[in-house]
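Visitor: Quick one: the structure is below, and I'll ask about it shortly.
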Amino acid sequence: MFLFQEKLYKVEIEWALSDTERKVVRKSNLFLKPFFNLLKNAIEAMDEIQGKGKIRIEHYYKNGQIHIKVS
């Protein structure tokens, strides 16, 4: 999130984290790169369309899987 500091003043980040004791163990580069691109695209799209917006990040465990949802 710190990489987007200059644009985040226009964007509200809403966190909905549950089951945070469950961890994803993977190579960090392979895991973080898609999230970086997803957040970057979302912030840039808001900037072009309306200038302000909200990104909601959810984390939960269901049916034996960890789910991460960005909207």
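Visitor: Given labels modelled 7 Å from the Cα in the Cβ direction, how far is it in nm from residue 21 to residue 54?
Guide: For the pair residue 21/residue 54, the computed spacing is 3.0 nm.
Visitor: Give, as a single signed number, the net charge of other residues whose beta carbon lies under 13 Å from the beta carbon of residue 68, with Lys and Arg counted +1 and Asp and Glu -1. Before the final figure, lay out each step's value.
Guide: Working: positive: 22, 23, 26, 56, 62, 69; negative: 19, 58.
So the environment of residue 68 carries a net charge of +4.
Visitor: At 7 Å along Cα-to-Cβ for each site, give me the label-to-label distance between residue 12 and residue 66 in nm.
Guide: Modelled inter-label distance: 2.8 nm.
Visitor: I've got another one for you. Please list 59-69, 15-25, 36-46 highest first by mean number of surrounding beta-carbon atoms within 10 Å per residue.
Guide: 36-46, 59-69, 15-25
Rule-based calculations on the coordinates, nothing more; no lab input. The structure displayed is predicted, hence computed values, not measured ones. Virtual Cβ from ideal backbone geometry, glycine too; neighbours counted across all protein chains shown.
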